[in-house]
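Below is one structure, written out as structure tokens, with a few remarks after it.
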Amino acid sequence: MTDFIPVAQPTLLGNEKRYVSECLDTSWISSIGPFIDRFESEFAAVCELPHAISCSNGTVALHLALLGLDIGPGDEVLVPSLTYVASANAVRYCGAEPVFLDSHREHWNLDPSDVEAKITPRTKAIMAVHLYGKPAPMAEIGDIARRRGLWVVEDAAEAIGARYRGLPVGHWSDVTAFSFFGNKVITSGEGGMVVTADENRARRIRQLKGQGQDFERRYWFPVVGYNYRMTNIQAAMGVAQLEQLPSFLTARQEIEAWYLEELAGHPQLALQVAAPDEQRVCWLFSLVLRKADEARRDALMARLRSQGIDSRPFFYPCHVLPPYRSADSSCPHAEWLGARGLSLPTWIGLERRQIRRVCSALLSALDELPPAET
Ligand SMILES: *Cc1c(COP(=O)(O)O)cnc(C)c1O
């Protein structure tokens, strides 16, 4: 029996246990405590930005980010269709509408050339998602946003540690959301962070996540807020994970290099490779089967699974999901990629020989399954 290779798993080899025990020993287990302040200031430093606000998960980080820009009923936010549903849901939580952007066929992130056509008088913001850890084309997105007077939000849930033109993700927008779910680059079990350079926006977001309470007057609530707080226990894990971030990034780079050695240049595979001015983080090593359809992709994944290898299909584009389906959404490249893409096991501790096993299983499955019409 060969070992089962999951698609993702957390690495908890640092001070996680020690710091969590410290919370239990000191009874600081709720949303006040030293690890919260430490996690926020250390995360802000990693982002090279002045303000980081912790919260309970990445989805509410996105909600808070949009609220921090005053997105509300009647507004539209441009969101790539090929993303995790939370990106779109956060827009709906504000009472606003996501308008979906098509993907770029080569880099899989939102296609800047699809933006202008989808701007209306109601459009307030563009949300850029760094899919699978690869930075979206932020320079182009920023140019359009400046010209058209739109806010920019980064959904950097999958891209902790990635850099674009020398600066960490989070620098290319007015406000950025991160996630620390168990399968992300660093984890606090569940958890999220909002970062921004703007002090007033940071204050507003901090107020909203704490039930809307006035900072100077306890139990005075000038606005309707939320309980979106992170616990000290989550933050304790976050601090321990953040200590390991540099080594995590190096390990992920090595995994990516191993995959590229095995798979780069294969005529049937399209890979998401970083441009020279990007430092992507290999959150999930992903590929697109050029000569496949959804059925062949799924058959290939089933073959891998029967050999003890887990993999993960791309997201269904949001514009085909029941809450967001509408007659006028057209994102053909997002649909093309969504049906043909899959992510391979990417986690720290994965060995060279395991990657060789994944790749040889993938390549023989490709040979055995007849190519589909494309
Ligand atoms: C994981 C993820 C989120 C949501 O984060 P949670 O912490 O799971 O709520 C949002 N957007 C993207 C692109 C993600 O991958």
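The values are calculated or read from the model by the stated rules, or taken from the named source; none is laboratory data. What you are looking at is a predicted structure, and each value in this text was computed from that prediction instead of being measured. Every residue, glycine among them, receives a Cβ derived from its backbone with ideal geometry; neighbour counts consider all protein chains shown. Heavy atoms of the whole protein, side chains included, go into the accessibility calculation; ligands, DNA and RNA do not. Shrake-Rupley method; radii C 1.70, N 1.55, O 1.52, S 1.80 Å.
Of the residues making up region 63-79, just one is under 16 Å from Ser330 (Cα atoms) and either surrounded by fewer than 24 Cβ atoms within 10 Å (Cβ to Cβ) or within 13 Å of the ligand (Cβ to nearest atom) (or both), namely Val79. Pairs linking a residue in region 1-20 that is in contact (Cβ under 8 Å) with a residue 40 or more places away in the chain to a residue that is part of a loop (DSSP other than H, G, I, E, B) and aromatic (Phe, Trp, Tyr), with Cβ atoms under 6 Å and 6 or more positions apart or on different chains, are Ala8/Trp347; Gln9/Trp347. Scanning region 108-120 finds no residues that are open to solvent by 10 Å² or more (accessible area, probe 1.4 Å), on the phi < 0 side of the Ramachandran plot and within 16 Å of the ligand (Cβ to nearest atom).
Of note, Ile126 does not satisfy the criterion of being touching a strand residue (DSSP E or B) at 6+ places or on another chain (Cβ under 7 Å), closer than 19 Å to Cys282 by Cα, in contact (Cβ under 8 Å) with a residue 24 or more places away in the chain and buried (at least 24 other Cβ atoms within 10 Å of the Cβ).
Residues checked against (1) within 19 Å of the chain's Cα centre (by Cα); (2) more than 24 Å from Gln211 (Cβ to Cβ); (3) surrounded by fewer than 18 Cβ atoms within 10 Å (Cβ to Cβ):
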{"residue": "Gln9", "(1), (2), (3)": "yes, yes, yes"}
{"residue": "Ala86", "(1), (2), (3)": "yes, no, no"}
{"residue": "Gly95", "(1), (2), (3)": "no, no, yes"}
{"residue": "Pro98", "(1), (2), (3)": "yes, yes, no"}
{"residue": "Leu101", "(1), (2), (3)": "yes, yes, no"}
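Can you confirm whether Ser173 is at negative phi, open to solvent by 20 Å² or more (accessible area, probe 1.4 Å), of a type outside the set (Asp, Glu) and at pLDDT 95 or above? Yes, satisfied.
From the list Leu131, Leu101, Leu82, which residue is out of contact with any Cys (no Cβ under 6 Å at 6 or more places or on another chain) and more than 13 Å from the ligand (Cβ to nearest atom)? Write out each step before concluding.
Details: Leu131 fails: more than 13 Å from the ligand (Cβ to nearest atom); Leu82 fails: more than 13 Å from the ligand (Cβ to nearest atom).
Testing whether each residue is out of contact with any Cys (no Cβ under 6 Å at 6 or more places or on another chain) and more than 13 Å from the ligand (Cβ to nearest atom) leaves just Leu101.
Of the helices (runs of 4 or more DSSP H) that lie entirely inside region 268-374, not one contains 2 or more residues that are loosely packed, with under 14 Cβ neighbours inside 10 Å, at pLDDT below 95 and among the hydroxyl-bearing types (Ser, Thr, Tyr).
If you filter region 45-62 down to residues that are more than 15 Å from the ligand (Cβ to nearest atom) and open to solvent by less than 10 Å² (accessible area, probe 1.4 Å), you find that the one that is farthest from the chain's Cα centre (by Cα) is Ala52. Looking at Leu263, is it of a type in the set (A, V, I, L, M), touching a residue at least 24 places away in the same chain (Cβ under 8 Å) and buried (at least 17 other Cβ atoms within 10 Å of the Cβ)? So Leu263 fits the description; yes.
Annotation: of all residues in region 152-189 being in a strand (DSSP E or B) and touching a Ser or Thr at 6+ places or on another chain (Cβ under 8 Å), the one that is nearest to the ligand (Cβ to nearest atom) is Ser179.
Quick one: which of Leu342, Leu289, Leu337 is within 17 Å of the chain's Cα centre (by Cα) and either more than 19 Å from Lys134 (Cβ to Cβ) or of a type outside the set (Gly, Ala, Ser) (or both)? Working first, answer last.
On the way: Leu289 fails: within 17 Å of the chain's Cα centre (by Cα); Leu337 fails: within 17 Å of the chain's Cα centre (by Cα).
Step by step, each of Leu342, Leu289, Leu337 is checked, and only Leu342 is within 17 Å of the chain's Cα centre (by Cα) and either more than 19 Å from Lys134 (Cβ to Cβ) or of a type outside the set (Gly, Ala, Ser) (or both).
Against the conditions (1) under 21 Å from Met193 (Cα atoms); (2) touching an Asp or Glu at 6+ places or on another chain (Cβ under 8 Å), Val79 satisfies every one except (2).
For Ala264, the test of being out of contact with any Phe, Trp or Tyr (no Cβ under 7 Å at 6 or more places or on another chain) and closer than 21 Å to Arg105 by Cβ is passed. So, in region 129-151, of the ones that are touching a Leu at 6+ places or on another chain (Cβ under 9 Å) and part of a loop (DSSP other than H, G, I, E, B), which residue ends up surrounded by the most Cβ atoms within 10 Å (Cβ to Cβ)? Looking at residues that are touching a Leu at 6+ places or on another chain (Cβ under 9 Å) and part of a loop (DSSP other than H, G, I, E, B), I get Ala136. Could you tell me whether region 212-230 includes any residue that is in a helix (DSSP H, G or I), modelled with pLDDT of 95 or more and open to solvent by less than 70 Å² (accessible area, probe 1.4 Å)? Checked region 212-230: no residue is in a helix (DSSP H, G or I), modelled with pLDDT of 95 or more and open to solvent by less than 70 Å² (accessible area, probe 1.4 Å).
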